[in-house]
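Below you'll find the structure, written out as structure tokens, and then a few comments.
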Amino acid sequence: MAREIRTTVTVCNDKGLHLKPAQKVVNLASRFAADIKLGWDGQLVEAKSTLGLLALGAGPGSELELRVRGEDAEAAAAALAALFAAGFDPAPGEEVSP
């Protein structure tokens, strides 16, 4: 059975997890085979679903639980944590990749 990685990520922008950042999360998460979920305020959603992420309603400063399970879980968790830490907008040359 694959080990599950759990960590906390913070929404580090001034508008929260709205459409554009949600799409960036989905695009990055979709590069991985791992099962990736984000949880906040009692909800747990698929990180590969834009609508699911928007349903969280996570605002600026929200701390979300990142749960990742699968063969590339470590790489997926690291890449997503970096995307959140960069405020969903990595500087040129700091693009997050699998």
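The values are calculated or read from the model by the stated rules, or taken from the named source; none is laboratory data. Because the structure is predicted, anything quoted here is derived from the model rather than measured. Positions of Cβ are generated from backbone atoms using ideal geometry, with glycine treated the same way; all protein chains shown enter the neighbour counts.
Mind checking whether some residue in the stretch 52-59 is of a type outside the set (A, V, I, L, M, F, W, C), touching a residue at least 60 places away in the same chain (Cβ under 8 Å) and surrounded by fewer than 17 Cβ atoms within 10 Å (Cβ to Cβ)?
We begin by selecting, within the stretch 52-59, every residue of a type outside the set (A, V, I, L, M, F, W, C); these are 52, 57, 59.
Of the ones still in play, those that are also touching a residue at least 60 places away in the same chain (Cβ under 8 Å) are none.
No: the stretch 52-59 contains no residue that is of a type outside the set (A, V, I, L, M, F, W, C), touching a residue at least 60 places away in the same chain (Cβ under 8 Å) and surrounded by fewer than 17 Cβ atoms within 10 Å (Cβ to Cβ).
Counting only residues that are more than 12 Å from residue 80 (Cα to Cα) and among the β-branched types (Val, Ile, Thr), how many does the stretch 14-67 have?
Selection size over the stretch 14-67: 2.
Is there any pair with a first residue in the stretch 33-51 that is surrounded by 14 or more Cβ atoms within 10 Å (Cβ to Cβ) and a second that is in a loop (DSSP other than H, G, I, E, B) and hydrophobic (A, V, I, L, M, F, W, C) whose Cβ atoms are under 7 Å apart and which are 6 or more apart or on different chains, and what are they?
Matching pairs, first to second residue: 36/47; 37/47; 38/47; 40/58.
What is the number of the single condition among (1) loosely packed, with under 14 Cβ neighbours inside 10 Å; (2) modelled with pLDDT of 95 or more; (3) under 17 Å from residue 86 (Cα atoms) that residue 11 does not meet?
Checking residue 11 against (1) loosely packed, with under 14 Cβ neighbours inside 10 Å; (2) modelled with pLDDT of 95 or more; (3) under 17 Å from residue 86 (Cα atoms), the one that fails is (1).
Restricted to the stretch 61-95, and to residues that are closer than 20 Å to residue 16 by Cα, over 12 Å from the mean Cα position of the chain (by Cα) and surrounded by 14 or more Cβ atoms within 10 Å (Cβ to Cβ), which residue is modelled with the lowest pLDDT?
By that ranking, first place goes to 90.
Give the number of residues within the stretch 16-31 that are surrounded by 13 or more Cβ atoms within 10 Å (Cβ to Cβ), on the phi < 0 side of the Ramachandran plot and out of contact with any Lys or Arg (no Cβ under 9 Å at 6 or more places or on another chain).
7
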